[in-house]
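Peer 1: This is the structure I want to talk about, given as structure tokens.
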Amino acid sequence: MLYLGTSGWPSTGEWANLSPRQRRERYFSLFNSIEITATYRRVPDWELVSRRRAQAPEGFVYSWLAPRYLSYQPSGRERRALRRFLRRHRRLGRARGGVRFLVPAEAGPAAFAEWLAMLAELGLPGDYAFAVSEQLARLLKPYGWVAVNQPAAWQYTCDRPPNPGVPGYAYYGSLSAALGYQREVAPQRC
């Protein structure tokens with residue numbers, strides 16, 4: 001299945017005067033997914049995660065952007081931070097989508113390989129996608145994870161057309177782009 005939506009909640013134009021509840025209801029009627037970008041700045045508390053899970057209509061998923069405080073260097077502190085974040089994401093249950101990690105350009109292959117092994121050892125399954133250089137993208141394959149905007153068995157695309165017929169997630173920075181693409185792929189989504 002292809003999950004399609006915007007990266008962040010729409011809040012401009014005709015959406016600006018809607019209440020949060022009205023925005024959610026309208027959004028749910030148009031798309032089957034959203035990438036929550038606020039998780040980059042702050043991990044939501046358990047109560048908010050539970051509320052979002054309850055609000056999601058059948059078949060709707062929330063993808064999250066990994067927090068900015070991750071260092072992508074293996075350490076005990078990093079392990080605890082990663083576990084905390086991913087356990088909250090896992091709490092979404094049937095409404096859980098993917099997680100996009102923004103790996104800094106200066107991340108080295110050896111440290112990143114160790115970090116990926118640490119992530120795998122946590123045993124918290126999920127659809128993990130990484131915005132990484134080509135050099136680091138090769139390290140993802142043994143885990144079944146993908147590089148953002150790169151062809152694979154499943155996909156996570158941002159502001160690019162998704163590969164037709166391939167399951168995954170596609171998010172757009174603009175509502176108009178997401179709506180335009182939503183009309184094109186609606187028959188493929190199910």
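Peer 1: Count the net charge of all other residues whose Cβ sits under 14 Å from the Cβ of Gly13, scoring Lys and Arg as +1 and Asp and Glu as -1.
Peer 2: Residues close to Gly13 contribute a combined charge of +1.
Peer 1: Distance in nm between label sites at Gln73 and Ala105, each 7 Å beyond Cα in the beta-carbon direction?
Peer 2: Spacing of the two 7 Å Cα→Cβ label points: 2.0 nm.
Peer 1: Rounded to the nearest 0.05, what FRET efficiency do Ser50 and Gln135 give with R0 = 35 Å and r taken as the Cβ-Cβ distance? Could you check?
Peer 2: 0.35
Peer 1: Can you give the angle from 0 to 90° between the axis of helix 46-55 and the longest principal axis of the chain, with both taken from C-alpha atoms, to the nearest 10?
Peer 2: Once rounded, one gets 40 degrees.
Peer 1: Can you give the FRET efficiency to the nearest 0.05 for Val166 and Ser29, using r as the Cβ-Cβ distance and R₀ = 22 Å?
Peer 2: Working from the Cβ atoms, E equals 0.30.
Peer 1: Relative to the longest principal axis of the C-alpha atoms of the chain, give the angle of the C-alpha long axis of helix 109-121, reported between 0 and 90° and rounded to the nearest 10°.
Peer 2: On a 0 to 90 degree scale, this one is about 70.
Peer 1: Report, in degrees rounded to the nearest 10, the 0 to 90 angle that the Cα long axis of helix 20-30 makes with the longest principal axis of the chain.
Peer 2: For helix 20-30, the angle is close to 90 degrees.
Peer 1: Using the Cα centre of the chain as the reference point, and only Cβ charges (+1 on K/R, -1 on D/E), how large is the resulting charge dipole? Debye, rounded to the nearest 20.
Peer 2: Approximately 720 debye in magnitude.
Peer 1: Would you mind calculating the relative contact order of the stretch 2-188 from Cα pairs under 8 angstrom and at least 6 residues apart, reporting the percent as a whole number?
Peer 2: Relative contact order, the stretch 2-188: 23 percent.
Peer 1: If one computes the Cα centroid of the stretch 151-180 and of the stretch 5-68, what distance in Å separates the two points?
Peer 2: 17 Å
FYI, it's all coordinate maths here, none of it is from the lab. In this text the structure is predicted, and so the values were computed from the model without any measurement. Backbone-built Cβ (ideal geometry, glycine too); neighbour counts: all protein chains shown.
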